[in-house]
1. Does Ala32 satisfy being touching a residue at least 40 places away in the same chain (Cβ under 8 Å) and loosely packed, with under 12 Cβ neighbours inside 10 Å?
2. Quick one: would you say Ala83 is of a type in the set (A, V, I, L, M, F, W, C), surrounded by 18 or more Cβ atoms within 10 Å (Cβ to Cβ) and closer than 15 Å to Asp49 by Cα?
3. When you go through (1) touching a residue at least 12 places away in the same chain (Cβ under 8 Å); (2) assigned to a loop (DSSP other than H, G, I, E, B) one by one for Met92, which number turns out not to apply?
4. So, in the range 15-58, of the ones that are out of contact with any strand residue (DSSP E or B) (no Cβ under 7 Å at 6 or more places or on another chain), assigned to a helix (DSSP H, G or I) and of a type in the set (S, T, N, Q), which residue ends up nearest to Ile82 (Cα to Cα)?
5. Go through the range 17-29 residue by residue and tally those that are surrounded by 18 or more Cβ atoms within 10 Å (Cβ to Cβ) and not small (Gly, Ala, Ser).
6. Suppose we keep only residues that are in contact with a Pro (Cβ under 7 Å, 6 or more places away or on another chain) and assigned to a helix (DSSP H, G or I) within the range 124-139. Which one would you say is nearest to Glu98 (Cα to Cα)?
7. Scanning for something at positive phi and modelled with pLDDT under 95, does the range 3-23 turn up at least one residue?
8. Name every residue in the range 119-150 that is exposed (fewer than 12 other Cβ atoms within 10 Å of the Cβ), over 18 Å from the mean Cα position of the chain (by Cα) and at pLDDT 85 or above, in order of residue number.
Amino acid sequence: MAISRAKKEELVARYNGVLDESSGLIVAEIKALTVAETEALRHKLREEDGVFMITKNTLLKIAMEQSDWAIPEDLLKGQVGIAFAKSNLPGMSKAILEFAKDFEDKFTLKGGVMGGTSIFAADDIKAISEMPTLPEVQSQLLGILGQPAQQLVNTVYAADAQVVNVLQPAVSQLLNVLNAHIEQNLKGDGAADAA
């Protein structure tokens, strides 16, 4: 059934919107998935900040070209569904691998695109699923960046402690000298008073 030009433009705009928010996508060939199974997949991917769409390949290619995404021509053949990862491609990859394992006869992973530029094969999805997520990478970076600051604090604290350790005997000696001088002056004043 042919769709109108307005509907085509609407779909291209929708695909562009999803692509603009995505860090990557995974293409799957679908065969006779039920509505309930498709909804289960959508729910599973939403938990990982992902979106699943059954797409019109020609219109998706137009949207990918407009959004400067690499177009995986070989992957976009037949009836496909696209899982778009907003920020968590590794987490979404894990979820889609689990789904594919349960529906091998109806759902076959073909590959995808990472970061809009790198096309990958189905075999690479497992490796992507094992990558750290963006929050994990950010946490690791903060830990690495925080180490020099902690070392600086430790160095300053150690320097303060060393200064105190160096000055302590000098201050003690100065106090002893001042006490001796005061005592001598007091004895001297006492001797002057007696005269």
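The values are calculated or read from the model by the stated rules, or taken from the named source; none is laboratory data. Predicted, not measured: the structure shown is a model, and the values here were computed from it. We place every Cβ from the backbone using ideal geometry, glycine too, and count neighbours over all the protein chains shown.
1. Answer is yes for this residue.
2. Here the answer is yes, as Ala83 does meet what is asked.
3. For Met92, the failing item is (2).
4. Thr38
5. So the count comes out to 5.
6. Ser129
7. Within the range 3-23, not a single residue is at positive phi and modelled with pLDDT under 95.
8. Asp123
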